[in-house]
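Asker: So that we are looking at the same thing, I have put the structure below in structure tokens.
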Amino acid sequence: MSPPLFLGFDLSTQQLKAIVIAEDAFIVHESAVHFDRDLPTYGTTNGTVNGPDEGEVTSPVLMWLEAIDLVMQRIKNTGVDLSAITSISGAGQQHGSVYWSEGAEKALAMMDPKRSLADPGHLAPYAFALPNAPIWQDSSTTKDCRELEAAVGGPQILADLTGSRAYERFTGPQIARIRRLKTAAYRDSARISLVSSFIPSLFLGHIAPIEVSDASGMNLMNVLTCKWDYALLEACGGPELRAKIGPEPVVGGTILGRISRWWVERWGFNPDCIIAPFTGDNPATVVALSAPGDAILSLGTSTTLLLSIPPADLPPARFTTSHLLSHPTTLGAQIAMLCYKNGALAREQIRDRCAGTDWARYNELVEQSPHGNSGFMGFYFPLPEIIPAGVQGEFIFQCKDTEAPRLVHGLKPDASKHARAILESQFLSIKSRIAAILPVHSPPLQRLIVTGGSSANQTIRQLAADVFGMRVYVAESKEAAGTGGAMLAKFAWWKAQVGDTSGSFEEMIMETGQVERMKLVATPKDEVTKVYDGLVNNYRRCEEQVVHLCRQA
């Protein structure tokens, strides 16, 4: 018999990726389909369609079907033994939703192995009540967000219940908008899937349940009980939404069923191949990259901290996280997510002003300035920020230990102090919130896994190590979400092998001898970390002034 292989998908905004791993998590194959480049007939820009309404952003479901056909062909063309794949899972862009028609279940069950998924009349258009899926970039639901928050007593009550206040991209408000503006399509929707439950539905030959961690991004599930909240369902979709949304959410590693006949006959999969729940891209990244005691810092277009929290009776302190997600593999555990809109965009704007697009020159400016930036602290929000909510603009302060921070006017836009200030303020914002996220008496965090474009910058990596007082690592693989999906597939297979549905993800890692592929890239200097420990209070005082100034504007 061939050694077992595990297949993970990542259906992101711009492309579909497929990762095949061995039992030790070594990546044996990667394939991808880029929507704009490989499937230009759909007319997408970065995988999306804008409009027709203001703020409306969708992706064609048929494009996703064709991408799956194409990526499967590419996998097979490279000689991967599809019969050796024992389990399949994956990740999907969070919040996006697919609307199945009354005939969807029958269409899935009767798929013809002689026809591709995207063959006209095979699944589309008959299986879908809406041809395009609303996705996370959509911002057309502000009215629906405010109405949902009002229905439960305000944004904080909603955040305490679901882990997040109402956000335009979240699925609950998206469903409410579809119900309000596209009445016939909503009426004709027998089931509603997330992107992450849409894909396993194709593999199962029937509509899959939604997974707990991705359900956290809907404003519809109680984040502590991991059950649908009936009041929220009714507020967004009326009493009929309970049936449309399907069974209670399922935890990662659950065996949903075996692969359907279509995949066996068309592609040569083993009929015993397990189909496990897919999760969201951020939870899948946590699965792929972190272990207890780790934090993940994504330094991409947005700046995002992901931090696993062990089971507790109460959620983290109020107003500390932008999102709280249920953990994909451990019931009762959660993932805290601090998400900042002004990440790489703000950093690159300061680089351009100070160093003329030259990262090497920018790094020199950072390294030439002292830790703490001689008391200068800068806040840079070219876009309305998420944390703190709604702030926008640029604010520079002079901080002295014995005085209140003083707002500085007249510092030149290209002054070298900006280079270090933006990095320190972005990292101090996160550092000032970590203690409130972690449960009382938690051991200190040990490792910081950095990802995203800026994770390749050694100056930024070293500053992160010094500010957070943690060793900084980068992963060898850049495909974290797809790899996390493949590991979730392995988790379902392992639980079936050992006959223990309660076995933990960490036990699987230990028993299967998985090789960790991380590289240490920066080590904190204790004396420097103490400098930043002492700056947290000054940072908080400056941030309070920024919030006050923005409210007055």
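Asker: Rounded, prolate or oblate, given the Cα gyration tensor of the stretch 61-173, with a/c below 1.5 counting as rounded?
Answerer: prolate
Asker: Let me ask something else about it. Which entries in 17/495; 227/519; 106/495; 400/530; 417/525; 400/525 show an alpha-carbon gap greater than 28 Å?
Answerer: Distance filter (> 28 Å) returns 227/519; 106/495.
Asker: Note the listed values (1) 0.97; (2) 0.94; (3) 1.00, then indicate which one is Rg/Rh (Cα atoms, Kirkwood Rh) calculated from this particular structure.
Answerer: The listed entry that was calculated here is (1).
Asker: Mind listing P(r) for the stretch 146-215? All alpha-carbon pairs, 5 Å bins, whole percents.
Answerer: Values per bin, smallest distances first: 3, 15, 19, 19, 21, 14, 6, 2, 0.
Asker: Would you list, by chain and number, the lysines whose Cα falls below 22 Å from the Cα of residue 182, excluding same-chain residues fewer than 8 positions away?
Answerer: 143, 244
Asker: I would also like to ask the following. Could you work out [θ]222 nm for the chain from helices alone, using -39500 (n - 2.57) per DSSP H run of at least four and dividing by all its residues? Round to the nearest 500 deg cm²/dmol.
Answerer: -11000 deg cm²/dmol
Asker: Moving to a separate point now. To the nearest 0.05, how large is the calculated FRET efficiency for residue 544 and residue 50 if R₀ is 41 Å and r is the Cβ-Cβ distance?
Answerer: Here the calculated transfer efficiency is 0.65.
Asker: At R0 = 30 Å, how high is the FRET efficiency between residue 537 and residue 389 if r is their beta carbon distance? Nearest 0.05 is fine.
Answerer: Efficiency at R0 = 30 Å is approximately 0.90.
Asker: Please report, in debye to the nearest 20, how large the charge dipole of the chain is about its Cα centre when each Lys and Arg carries +1 at its beta carbon and each Asp and Glu carries -1 there.
Answerer: Numbers: 49 positive and 58 negative charges, 133 e Å.
So the magnitude is around 640 debye.
Asker: Which chymotrypsin sites (Phe, Trp or Tyr not before Pro) from the stretch 1-102 combine a DSSP loop assignment with at most 16 other Cβ atoms within 10 Å? Mind dumping the intermediate values first?
Answerer: On the way: sites: 6, 9, 26, 35, 42, 64, 99, 100; in loops: 26.
Here the chymotrypsin sites (Phe, Trp or Tyr not before Pro) that fit, given the DSSP loop and packing criteria, are 26.
Asker: Enumerate by residue number the trypsin sites (Lys or Arg not before Pro) in the stretch 55-119 meeting two conditions: DSSP loop (anything except H, G, I, E, B), and at most 12 other Cβ atoms within 10 Å of the site's Cβ.
Answerer: Passing sites in the stretch 55-119 are 114.
Asker: Report the Cα centroid-to-centroid distance between the stretch 509-553 and the stretch 241-270 in angstrom, as an integer.
Answerer: 40
Asker: Here is a further query. Going 7 Å from the Cα of residue 272 along its beta-carbon direction, which residues of the stretch 492-508 have the amide nitrogen within less than 11 Å of the resulting point?
Answerer: 497
Asker: Next up: Of the DSSP beta bridges with both residues in the chain, give the percent that are antiparallel, rounding to the nearest 5. Intermediate values should be presented prior to the final figure.
Answerer: Details: 57 of 77 bridges.
Here the antiparallel bridges make up roughly 75 percent for the chain.
Asker: Still on this model: Going highest first, how would you order 357-363, 177-183 by mean Cβ packing within 10 Å? Walk me through the numbers before you get to the answer.
Answerer: Values: 357-363: 15.1, 177-183: 16.7.
Per-residue mean Cβ counts within 10 Å order the peptides as 177-183, 357-363.
Asker: Further question: With labels modelled as points extended 7 Å from the Cα through the Cβ direction, what inter-label distance (nm, one decimal) is found for residue 255 paired with residue 188?
Answerer: The two pseudo-label positions are separated by 3.9 nm.
Asker: Averaged per residue, what accessible surface does the chain expose to a 1.4 Å probe, in Å²?
Answerer: 39
Asker: Would you please give the FRET efficiency between residue 24 and residue 478, computed as 1/(1 + (r/R0)^6) with r the Cβ-Cβ distance and R0 = 25 Å, to the nearest 0.05?
Answerer: Once the sixth-power term is evaluated, E becomes 0.85.
Asker: If each of residue 126 and residue 400 carries a label point 7 Å out from its Cα toward its Cβ, how far apart are those two points in nm?
Answerer: Between residue 126 and residue 400, the label points sit 7.9 nm apart.
Asker: The stretch 91-161 to the stretch 406-428: how many Å between their Cα centroids?
Answerer: Each part reduced to its Cα centre gives a spacing of 43 Å.
The values are calculated or read from the model by the stated rules, or taken from the named source; none is laboratory data. Just so it is clear, the structure is predicted and the values come from calculations on it, not from any experiment. All Cβ positions, glycine included, derive from the backbone under ideal geometry; neighbour counts span all protein chains shown. Note: accessible area is taken over every heavy atom of the protein model, side chains too, but ligands, DNA and RNA are not part of it. Shrake-Rupley method; radii C 1.70, N 1.55, O 1.52, S 1.80 Å.
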